1. Compute the angle between helix 152-164 and the longest alpha-carbon principal axis of the chain, please, reported from 0 to 90 degrees and rounded to the nearest 10.
2. Taking the alpha-carbon distance from residue 466 and a cut-off under 15 Å, which aspartates and glutamates remain once sequence neighbours fewer than 8 residues away in the same chain are dropped?
3. Run the dipole for the chain about the Cα centre, Lys and Arg Cβ at +1, Asp and Glu Cβ at -1, nothing else charged, and hand back the magnitude in debye, nearest 20.
4. Treating only the Cβ atoms of Lys and Arg (+1) and Asp and Glu (-1) as charged, compute the dipole magnitude of segment 230-348 about its Cα centre; round to the nearest 20 debye.
5. How large is the Kirkwood hydrodynamic radius of segment 67-140, in angstrom, based on all distinct alpha carbon pairs?
6. Taking Cα atoms, how many degrees apart are the long axis of helix 200-211 and the longest axis of the chain, rounded to 10 and kept between 0 and 90?
7. Which value, in nm² and rounded to one decimal, describes the direction-averaged projected area of the C-alpha convex hull of segment 391-531?
8. Considering the options 144, 154, 182, tell which one lies farthest towards the positive end of the dipole of segment 137-186, charges being +1 on Lys and Arg and -1 on Asp and Glu at the Cβ, about the Cα centre.
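The values are calculated or read from the model by the stated rules, or taken from the named source; none is laboratory data. Worth saying up front: this structure is predicted, and the values here are computed from it rather than measured. Glycine gets a Cβ as well: all are built from the backbone with ideal geometry, and neighbour counts include every protein chain shown. Surface areas here come from the heavy atoms of the whole protein model, side chains and all, with no ligands, DNA or RNA. Shrake-Rupley method; radii C 1.70, N 1.55, O 1.52, S 1.80 Å.
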Amino acid sequence: MKTKVQYRNFASFPEIDTVKDIVLYGHEHGQDKKQFMFYNFAGEVESKTFNQVFHDLTGLGQYLYKKGMKGKKVAILSENSYYWIACYYSIITGNMTAIPLDPKLPFEELTELMVRSKCDAIYYAEEFEGAVEMMKKSEGVVLQEYIKIEDFDSVIEEGHEDLKNGAMNYLDDEVRPGDLAFIVFTSGTTGKSKGVMLSQKNVASVTCSCCRNLTGGHAIGFLPLHHCLCWVGALFSSCLLSEWGFVCRSLKDIQHDMATYHPQNFSAVPLAVETIYKKVWYTAKKTGREEKLKKGLKLSAFLMKFGIDIRRKLFKQVIDNLGGELELIICGGAYLDEKYEKGMYDLGIQIINGYGITECSPTVTCNSLDNFKFGSAGRPIDCNEIKINDPDEDGVGEIYVRGSNVMMGYYDDPKATQEAFNDGWFKTGDYGYIDEDGFLFFRGRKKNLIVLSNGKNVSPEEIEDKLSTIDYVKEVVVYEENNFITAEFWLDTLAVPDAKERIKADVNEINKKMPMYKQVARVKTRDTEFPKTTTLKILRNYDKKQK
């Protein structure tokens with residue numbers, strides 16, 4: 001189903017070739033408008049205008065130059081905070097390379113990444129003193145400067161003092177589109193992380209392309225700041241759209257933060273969207289409003305056929321529980337079943353679903369507010385093109401990408417870089433197909449494919465998406481075991497006490513709707529959630545005996 005809806009005017013801005021210029025554009029157009037709200041060091045909510053953010057980042061950037069970091073690599077190790085953002089801006093607005101670190105990694109892995117990247121300086125939060133001490137004692141670490149984020153104000157003051165004393169402003173240093181701006185260590189669900197090298201142009205082109213598909217609005221941010229999706233969906237879009245955002249401290253605070261700061265949008269992974277949707281129906285059932293909600297949806301669907309849209313009035317109570325002003329959720333990182341996408345749309349909240357990968361900065365395709373298809377990952381954004389390599393009889397093959405968003409390569413790994421490309425096209429390792437209207441439909445990871453003894457290739461993600469529509473399924477992973485397709489579930493036995501007894505019968509109902517070779521042959525259940533990456537993707541190389 002292809003859908004067109006008329007929304008208010010989209011964002012308008014010129015083509016910008018560097019992330020430095022995107023940040024400067026935000027300062028020029030934002031000025032005294034609020035840019036960020038956050039919890040400060042004292043635990044109090046504070047706000048910063050675009051001018052104040054610019055003051056902070058210039059002081060920090062000047063301090064880095066004073067310490068000899070021009071042309072060097074600077075890491076950030078901290079949980080989500082405004083201070084992370086200001087430190088990040090200070091690196092990428094100068095002739096330096098940012099290395100955003102995953103704060104959930106063990107200290108040993110963080111130290112290893114410092115060795116592998118040959119990093120020169122690090123911003124770190126006090127809670128990571130242990131990791132820093134390990135770095136200081138480890139062979140191969142070449143860090144010259146350790147900058148504690150809690151010294152934020154004094155570092156800024158020292159940077160501005162340097163400017164007052166006549167030092168050249170680090171912002172006057174040339175930053176070119178092709179300069180290496182980021183080294184991002186992937187947090188894949190299998191295998192060892194690689195250092196993805198992204199240029200100023202890579203990320204700038206994606207940000208501009210994505211923001212042309214959106215309308216501006218205030219947001220909350222809870223995705224890990226070291227993840228590329230958060231940069232495009234929040235940090236740089238804030239500069240282009242001159243809008244403010246609240247920096248959430250923890251996923252546990254999301255419901256409170258939404259009720260308090262009333263976001264117009266936020267970025268999320270599919271698991272968050274699924275959780276919100278299931279919560280809506282759980283609440284409706286618990287409060288005795290389930291039938292009323294179903295009748296409202298039928299009425300709304302009937303009126304929509306005549307161009308009458310009263311969704312946000314009809315489902316005001318649902319929207320009020322999500323802050324009252326939520327219009328859209330930008331979703332990426334994995335496949336989202338169209339049940340949840342259409343379900344949220346029917347309630348008056350648009351899901352902007354897309355497809356991306358870190359090596360593409362990260363967005364490749366995206367639905368837009370006025371032109372989308374449920375179940376699809378959208379069409380290519382205007383900075384890249386895609387094709388399907390070696391498609392099968394159903395048109396499914398590996399997704400190839402070419403464009404200004406494609407990475408420079410893998411850091412210090414020319415072999416892996418060479419293997420990642422084919423005649424100028426980046427090989428994503430993901431499978432999908434493109435329909436007659438140019439919309440991409442994701443079908444799973446190449447490395448996750450189940451190859452059966454009959455020669456059939458089965459995408460576990462496709463089956464998982466069908467199984468996850470069972471209301472009491474919290475998580476599911478599909479894999480091959482002894483040549484049988486096996487589905488392992490974590491079920492909501494609190495809401496549905498007989499879930500373990502019901503699951504086989506419900507799986508069989510879904511099996512009837514799928515080809516024989518894709519049907520689940522074995523069902524297992526577990527009592528705990530699956531291990532995950534910090535971006536909430538389930539790790540597939542877990543011990544399947546763990547329950």
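1. Between helix and principal axis, roughly 40 degrees.
2. Partners found: 274, 337, 338, 341, 475, 488, 506, 509.
3. Numbers: 70 positive and 79 negative charges, 416 e Å.
Magnitude of the dipole: close to 2000 debye.
4. Details: 18 positive and 14 negative charges, 138 e Å.
For this selection, approximately 660 debye.
5. That comes to 12.5 Å for segment 67-140.
6. Once rounded, one gets 50 degrees.
7. Details: hull surface 47.1 nm².
The orientation-averaged projected area of the Cα hull of segment 391-531 comes to 11.8 nm².
8. 182
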